[in-house]
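These notes are about the structure you will find just below.
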Amino acid sequence: MSAPPTAETPHAPGLSALLLVLLAGWTVSASAAAQSGVTVIAKGDVPKPVVDLPELPKILALSPRNTMLFTDRDEVTPASNEYPPGYGPTSVLTPPLVDAWVSATLTGTGMSELIQYQLPSDYYKKGGKRPLLVAWHGFGSSAKSVAAQTTLDEQCDSWGWIYLAVTGIDDKLFGAPAVQQNAEAAIRWISDKYSVDPDRVYLVGFSMGAGIVANFAARHRDPKGLMIAGVGLVSGSYDWTTAYHEDKSVQPWLENTWNFGGSPMTVPFAYQRSSDLYFDPTTYPPTPGVCLDLLAMARNLHGTPVYITWDLKDTLTYLPAQSETLGKLLSTWGDDVTLRPVSGTLNPKTGGSAPHSWAVLDEEELMNTLAPLTATRVPAKWSAQLGETGAVAFAGVTQRTPGTFTRLSGGLDDVEPRLWVHDVENASEVSVDAGLAGLAGRWPLRVQASSADKAGFVLRLQGFDTPPSYLLQTADGSLVEPMESDPLSDALMVTVPGGGSVDVLVHSVPWNARLWVAPDPAAPGGQLSLHVESVPGGKLAWVILGVHAHLMTLAGSLQIMVPPVPPALLIAIPLDAAGGAVVEAKLPEVAGLSGLSLLMQAVIQHEGHALGDVSNAFRFDIQ
């Protein structure tokens, strides 16, 4: 697009009258870390975030082992935060685990994020992009507990991976959006500072942390952003509503503002969007009860391989059935699922029974399962359940009604070529990006869309290598009306009616000028401006204003959509040296204008009266 017209842009008179008719090295110093928004914590100095959460009761010999308050907690010796003497890029010593704070400035939540990370021993020797394993602790434990209770950090060093353990603001938070935002900030920080392969980011979590990482992967499906290649789930808790009802001791934490801000009876969606499954509370006990698939965020894990392991004799007796249900659901949807139920888990330090612990996990098997996986950013077929406005595969979704789920499915056919989005619920707009689907230059591109609710939605078509010009019905080749264009983003829009569908072919012709009116729609009596942008050398824009669309050829080769024949009108607008113009006007305050739609298109005249460029067709609406 050319630069905006200057104040000297010529204006054309008479438009009002016309409208009446129509991370950087191994050794991280505190000062350098602070400059990057991360503060390395001195050994033993682990400040606590102030989030007004109740303190946990002390662990005693008689503390119960069958509630979430105690099963996830374990006294651990803090890992060393000191570098061994002589350690550096050429060292063969085991790399240290580094404790650090990611600042609130980087997280954007107002809360800093406590992390622990480790670079592999060969990081500087071999170079190249490295996989990243992100670990999430259980309830009441810390980011530091994972390395103390598992061999995941050692496995990462052996495999040449970067290891990162996150906190999620506090050790007693269940993965609400702000909590996940903090963890995402930590992942972005380490990815920016060190050489992380963005297509090989993996998650693993235990108990509460397993539920959080599954939900994190489900909420990160935007191919242009952070995506997860594979997930490991250990003794997971996947429905916070069930946790609320089955483990009353944890209710004060679940109701805290930093978690869900109330009970599942008062704020059900807050629990559902941060869970992976939803069991109807009226159907249990016995657990798990009846899983309502339409309220299960696990649907959004479609396309993400998942490794699930649990002990059949878990002391949290309602959890094993949740793991089984999650595995069956994902398998039913055709996803890649590895199920590893075990029995008789022992604590590797004491030899005692530990059926709800990190000891359930076979770390080596998990690494072998995750290692071949890369993120599938735009699968050939996908389904999605979104808890907020967002993106998945080649589709961007704007919710119609916040505070509830939006659902849709889609896919692509590279041979025809064809894109589709079907069964759309609770969306005001769905954008389809041909470039993300790898079909930017495939003309004509067939696009199919259907609505599963009464409201319908606007289908926005964009991301092409040349601007899309018009749409034809696939069935009979007729021109699609009404159709909207957005020349600023080179997009076409068409309405999908409630309960209905569209099946169109997107065409592109050499329309290399832009035309639009702002605001659109405009109110009678309000100010508006008409914008024309063309290539330098254009002298005059002939703007055609009409009420009907019809494809026709002008001057032997220029294809237009708004024919300059009665009752259409023409207005001549002089262009500046850059080929642009802005026409300012006031729309007359005439009641008869309300509800009127005008079709506009510009043909650009060059030196010698030659017609050389055509703009997009623009529909201007009057309120």
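The values are calculated or read from the model by the stated rules, or taken from the named source; none is laboratory data. Small disclaimer: the values here were computed from a predicted structure and weren't measured. Because the Cβ atoms are built from the backbone with ideal geometry, glycine has one as well, and the counts that use them run over all protein chains shown. Note: areas computed on protein heavy atoms with side chains; ligands, DNA, RNA excluded. Shrake-Rupley method; radii C 1.70, N 1.55, O 1.52, S 1.80 Å.
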inquiry  = Need the failing condition index for Leu472 against (1) at pLDDT 95 or above; (2) part of a loop (DSSP other than H, G, I, E, B), just the number.
reply    = (2)
remark   = Residues of the range 514-537 being modelled with pLDDT of 90 or more, in contact with a Gly (Cβ under 8 Å, 6 or more places away or on another chain) and either part of a loop (DSSP other than H, G, I, E, B) or closer than 18 Å to Glu607 by Cα (or both), in sequence order, are Pro519, Val532, Glu533, Ser534
query = Failed condition for Leu419, given (1) in contact with a strand residue (DSSP E or B) (Cβ under 8 Å, 6 or more places away or on another chain); (2) open to solvent by 40 Å² or more (accessible area, probe 1.4 Å), with all others met?
reply = (2)
message = Residue under question is Asp453, and the condition is that it be farther than 18 Å from Met561 by Cβ, open to solvent by less than 50 Å² (accessible area, probe 1.4 Å) and of a type in the set (D, E, K, R); does it hold?
response = yes
key: Qualifying residue in the range 266-274 (condition: among the polar types (S, T, N, Q) and farther than 20 Å from Tyr318 by Cα)   = yes
ask   = Is the range 169-180 home to any residue that is more than 19 Å from Arg73 (Cβ to Cβ), open to solvent by 10 Å² or more (accessible area, probe 1.4 Å) and not in a loop (DSSP other than H, G, I, E, B)?
value = yes
task = Select from the range 149-168 the residues that are farther than 22 Å from Tyr238 by Cα, hydroxyl-bearing (Ser, Thr, Tyr) and either assigned to a loop (DSSP other than H, G, I, E, B) or open to solvent by 10 Å² or more (accessible area, probe 1.4 Å) (or both) and list them in ascending order.
result = Thr151, Ser158
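Residues are listed down the side, and each one gets a yes or a no for (1) out of contact with any Gly (no Cβ under 7 Å at 6 or more places or on another chain); (2) within 17 Å of Phe206 (Cβ to Cβ); (3) of a type in the set (A, V, I, L, M); (4) open to solvent by less than 30 Å² (accessible area, probe 1.4 Å):
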position: Pro320; (1), (2), (3), (4): yes, yes, no, yes
position: Leu326; (1), (2), (3), (4): yes, yes, yes, yes
position: Gly334; (1), (2), (3), (4): yes, no, no, no
position: Thr350; (1), (2), (3), (4): yes, no, no, no
position: Pro355; (1), (2), (3), (4): yes, yes, no, yes
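Is the range 559-571 home to any residue that is open to solvent by less than 60 Å² (accessible area, probe 1.4 Å), of a type in the set (S, T, N, Q) and under 41 Å from the mean Cα position of the chain (by Cα)?
Filtering the range 559-571 for residues open to solvent by less than 60 Å² (accessible area, probe 1.4 Å) gives 559-564, 568-569, 571.
With of a type in the set (S, T, N, Q) added as a condition, the list becomes 559.
Remaining after also requiring under 41 Å from the mean Cα position of the chain (by Cα): 559.
The answer is yes, given that some residue of the range 559-571 is open to solvent by less than 60 Å² (accessible area, probe 1.4 Å), of a type in the set (S, T, N, Q) and under 41 Å from the mean Cα position of the chain (by Cα).
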message = Looking at Val290, Val360, Val306, can you tell me which residue is touching a Ser or Thr at 6+ places or on another chain (Cβ under 8 Å), farther than 18 Å from Ile212 by Cβ, modelled with pLDDT of 95 or more and among the hydrophobic types (A, V, I, L, M, F, W, C)?
response = Val290
inquiry  = For the condition touching a helix residue (DSSP H, G or I) at 6+ places or on another chain (Cβ under 8 Å) and part of a loop (DSSP other than H, G, I, E, B), what is the one hit in Thr376, Thr309, Thr315?
reply    = Thr315
request  = Return the residue satisfying two criteria in turn: it lies in the range 608-623 and is farther than 14 Å from Ser534 by Cα and open to solvent by 40 Å² or more (accessible area, probe 1.4 Å), and of such residues it is modelled with the highest pLDDT.
outcome  = Arg619
